[in-house]
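The values are calculated or read from the model by the stated rules, or taken from the named source; none is laboratory data. Predicted model, so just to flag it, every value in this text is computed and none were measured. Cβ placement follows ideal geometry from the backbone for every residue including glycine, while neighbour counts extend to all protein chains displayed. Just so you know, the surface numbers come from the protein's heavy atoms only, side chains and all, with ligands and any DNA or RNA stripped out. Shrake-Rupley method; radii C 1.70, N 1.55, O 1.52, S 1.80 Å.
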Amino acid sequence: QVQLVESGGGLVQPGGSLRLSCAASGIIISLSRMGWYRQVPGNERELVGVIFIGGVTNYADSVKGRFTISRDNAKNTVYLQMNSLKPEDAAVYYCNANLVGRDVWGQGTQVTVSS
């Protein structure tokens, strides 16, 4: 059974940083396309960024230069480092594993950006 568990969300002031973690079980993250998405109530879930099997990353324009996706293969964990956070970054952040024929999602972690 594939399971993704996010952690690391919380309240941060504008300009601050947070690092989200996504611990995976049932899959090998280095052999999967892993992504981070976010969703604000009333809006569609949007892509934040992805890390491909080869390690290449790609980001939404809104977070490029501020957010970084990385992975620790030994821990089977994907990270989202978020710097220079803005109020508009506030959302529930979801980890995603894009597997053959299906997507698997974590439960989400709330990020609040407010002074």
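Just a few scattered comments:
- Meets criteria (within 18 Å of residue 84 (Cα to Cα), of a type outside the set (Ser, Thr, Tyr) and either surrounded by 18 or more Cβ atoms within 10 Å (Cβ to Cβ) or modelled with pLDDT under 95 (or both)) for residue 11: no
- Close pairs (8 angstrom Cβ cut-off, 6 or more residues apart or separate chains): in contact (Cβ under 8 Å) with a residue 12 or more places away in the chain and within 15 Å of residue 46 (Cα to Cα) in segment 93-115, basic (Lys, Arg) and open to solvent by less than 40 Å² (accessible area, probe 1.4 Å) anywhere: 93/38; 94/38; 111/38
- Residue match in segment 80-92 (condition: of a type in the set (Val, Ile, Thr) and either buried (at least 21 other Cβ atoms within 10 Å of the Cβ) or without any contact (Cβ under 8 Å) to a residue 40 or more places away in the chain (or both)): no
- When residues in segment 53-72 are screened for being in contact with a helix residue (DSSP H, G or I) (Cβ under 9 Å, 6 or more places away or on another chain) and buried (at least 18 other Cβ atoms within 10 Å of the Cβ), 3 of them pass.
- When 113, 100 are screened for being open to solvent by less than 50 Å² (accessible area, probe 1.4 Å) and more than 13 Å from the chain's Cα centre (by Cα), only 113 passes.
- Residue list for segment 17-27, filter: touching a residue at least 60 places away in the same chain (Cβ under 8 Å) and open to solvent by 20 Å² or more (accessible area, probe 1.4 Å): 17, 18, 19, 27
- Selection from segment 28-52 of residues that are in a loop (DSSP other than H, G, I, E, B) and surrounded by 12 or more Cβ atoms within 10 Å (Cβ to Cβ): 32, 40, 45, 52
- Of the criteria (1) exposed (fewer than 13 other Cβ atoms within 10 Å of the Cβ); (2) in contact (Cβ under 8 Å) with a residue 12 or more places away in the chain; (3) part of a strand (DSSP E or B), which one residue 75 fails: (3)
- Failed item in (1) in a strand (DSSP E or B); (2) polar (S, T, N, Q); (3) under 17 Å from residue 13 (Cβ atoms), with residue 58 passing the rest: (3)
- Close Cβ contacts (under 6 Å, 6 or more residues apart or on different chains) running from residues in segment 34-60 that are under 11 Å from residue 93 (Cβ atoms) to residues that are open to solvent by 50 Å² or more (accessible area, probe 1.4 Å) and assigned to a loop (DSSP other than H, G, I, E, B) comprise 37/45; 39/45.
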